[in-house]
Structures are given as structure tokens and as C-alpha cells.
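Everything below concerns the one structure shown next.
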Amino acid sequence: MNRLFHAKITTGQYAVLVFLFICVACLLWQVDNGTKPVVGILLSIVIFLMVVVVERMINTTYTITTDGMLVIHKGRFARDVIVDIHDIVKVENVCSFSFSGIKIGERVRLTTDKQVILFVNPDNVGDFIGKINKTKETRIYED
């Protein structure tokens, strides 16, 4: 049975979304004061960026399949990344930011045998690492 993990929405993603919202508000204010074609184009680009950010925040998932693959899905506008779990050499829980000893952001760093480093941000870090390790162990016993 496939196991699905949703991505954790980080403070940085919220900050980018707030920044883009402020840009949209400022550009809409400029449209009222006398529109120029450049303002309309910029407004369209910023709104499109907001759609992409929100879509990525909502639809990012990490799926561990029964055949030992990790599928990283980052939404409709990005390609899926597929990694064989048995190629993963090291799985680490790393802290992306800490403030006076308190971990604020946690990530999982996956290192493959080809020295490719992937950072994932699952909602439940402990279960994600445990499921990857369990999948790797079952492959060892099957061989």
C-alpha cells in the first residue's frame, strides 16, 4: 500500500505569499491612478506567481510506493521527482533555522549513492524517516 505524506507549509512560504499580496495591492492602486500597459502586465505576472505559490503549497506530496520508490510531487506546474529508496544512502533530520536552541524549521535531507542531495519537508518527519528506513530494511531481507 502506498504511503502519502503531505508537505509542511513553512513560514518562508507564507512570507512570499504576503509579499506577493502586497505587490498585487500596490499594483491595483496604480491601476486606479491611471493605468499603463506595463502595470497591467506586471499585475498579471504577480497574480500568476501567487497562483503558482499557493498551488505548490497545497499540492506538494511525498509518496512512498510499495515497489520502493519515493515520488516527490510538487504540484501541476512541476515535474515529479522519482527516487529509488534503495539508492538512498543517508536520511537525516536537519534544522533549517534555530533560534536560541529552539528548532524552528525541520527538513529531511536525503543523500543518494550518486551524491544527489534532496531536501524534503514532510508534515510528519518522524513517520517519514521511519517509513523510508523500514522500506530499505525490507528490501535487504528480500534479497
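The values are calculated or read from the model by the stated rules, or taken from the named source; none is laboratory data. In this text, all values refer to a predicted model and were calculated from it rather than measured experimentally. FYI the Cβ positions are ideal-geometry reconstructions off the backbone, even for glycines, and counts take in every protein chain you see. Ligands, DNA and RNA are excluded from the accessible area calculation, which covers all protein heavy atoms including side chains. Shrake-Rupley method; radii C 1.70, N 1.55, O 1.52, S 1.80 Å.
What the table below lists for this structure:
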{"item": "Residues of segment 66-78 satisfying the condition of being surrounded by 15 or more Cβ atoms within 10 Å (Cβ to Cβ) and out of contact with any Leu (no Cβ under 9 Å at 6 or more places or on another chain)", "result": "Gly68, Met69, Val71, His73, Lys74, Gly75"}
{"item": "Selection within segment 83-95 - over 16 Å from Asn121 (Cα atoms) and of a type outside the set (D, E, K, R)", "result": "Ile85, His86, Ile88, Val89"}
{"item": "Per-region count, segment 55-81, residues touching a Lys or Arg at 6+ places or on another chain (Cβ under 7 Å) and among the hydrophobic types (A, V, I, L, M, F, W, C)", "result": "1"}
{"item": "Identity of the residue in segment 1-49, more than 29 Å from Phe128 (Cα to Cα) and in contact (Cβ under 8 Å) with a residue 24 or more places away in the chain, that ends up most open to solvent (accessible area, probe 1.4 Å)", "result": "Phe21"}
